[in-house]
1. Quick one: plug the Kirkwood hydrodynamic radius of the range 33-94 (C-alpha pairs) into Stokes-Einstein at 37 °C, 0.692 mPa s, and report D in µm²/s.
2. Quick one: accessible area per residue over the range 68-189, 1.4 Å probe, rounded to a whole number of Å²?
3. Are there trypsin sites (Lys or Arg not before Pro) in the range 191-239 that DSSP puts in a loop and that have at most 15 other Cβ atoms within 10 Å, and which ones?
4. Residue by residue through the range 200-210, which ³J(HN,Hα) values in whole Hz follow from phi under the Karplus form 6.51 cos²θ - 1.76 cosθ + 1.60 (θ = phi - 60°), with glycine and proline marked x?
5. So for the pair Val176, Glu157, with labels modelled 7 Å out along Cα→Cβ, what separation do we get in nm?
6. Using a 7 Å offset from the Cα along the Cα-to-Cβ direction at both Leu6 and Glu139, what is the distance between the two label points in nm, to one decimal?
7. Place a +1 charge on the Cβ of each Lys and Arg in the chain and a -1 charge on the Cβ of each Asp and Glu, then give the dipole magnitude about the Cα centre in debye, rounded to the nearest 20.
8. With only alpha-carbon atoms in the gyration tensor, what are the semi-axes of the equivalent ellipsoid for the chain, in Å, largest first?
Amino acid sequence: MTNIVLHKAATRGHANHGWLDSYHTFSFAGYHNPDRMNFGVLRVLNDDKIDPAMGFGMHRHDNMEIISIPLKGDLEHKDSMGNTGIIKRGDIQVMSAGSGIQHSEYNHSQNNVTEFLQIWVFPNKRNVEPRYDQIILNENDRQNKFQQILSPDPDDEGVWIHQNAWFHIGQFDKDVSSEYQIKERGNGVYVFIISGSATVEGQELDRRDGMGIWDINELKVTSNAPQTEILLMEVPMNL
């Protein structure tokens, strides 16, 4: 039997710190909802806006796979391993915190707001050597289809993490449908509508709505808007 959990955009946790405006799909920082702790190994899905020249100062993480997906503007990264970089829309960044790493994230622009998705996934290996990577993706490869942006395989398309997870992004014209095949038996898929609207397995979803679905082999997505951007996150359901 197919199982579904629906998280409408307006029901997310919200924190406005002045320089940071953040919506939390799952419990995070000051937002705690026992019914929204995670979706399988997907622990954090934050929808962040950062004011110009502001950001997160150096802070520590361990034993977490951290993925950043810029939606607008530029995000500047620095970490305790000596990595520095700027990511922008079309790029994806990954950090395996492993045994421990410190990093900072700042809006690189002095004038424009930066928007990005911050995603945390529980790893399947603990205390690994910390690792950082960022890549530039071709957004044309996601027009009216799903482009793989993350997997467990270092030799596969996109970045990789220590978990049997696959992420895809698609940009669809109105009335275009696409079917997604589950990669690994027992995994679930969390669907997040970045923009536009879509019908997913009969459920209508609008901008920034999220829906988790599991005990399926495939799911069907149909765009209901002239331009709809969708993030699919396939993850193991067992921690």
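The values are calculated or read from the model by the stated rules, or taken from the named source; none is laboratory data. Predicted model, so just to flag it, every value in this text is computed and none were measured. For neighbour counting, all protein chains shown are included, and Cβ atoms are generated from backbone atoms with ideal geometry for every residue, glycine included. The protein model used for the area step is the full one, side chains on, heavy atoms only, and it has no ligands, DNA or RNA in it. Shrake-Rupley method; radii C 1.70, N 1.55, O 1.52, S 1.80 Å.
1. Working: Rh = 13.7 Å.
Rounded, D is 239 µm²/s.
2. It amounts to 46 Å² per residue over the range 68-189.
3. On the way: sites: Arg207, Arg208, Lys220; in loops: Arg207, Arg208.
Here the trypsin sites (Lys or Arg not before Pro) that fit, given the DSSP loop and packing criteria, are Arg207.
4. Here the 3J(HN,Hα) series is 10, 6, x, 9, 7, 10, 10, 3, 6, 6, x Hz.
5. Distance between label points: 1.4 nm.
6. Here the modelled spin labels are 3.0 nm apart.
7. Details: 21 positive and 33 negative charges, 96 e Å.
Once rounded to the nearest 20, the dipole reads 460 debye.
8. Whole-Å semi-axes of the equivalent ellipsoid: 26, 20, 18.
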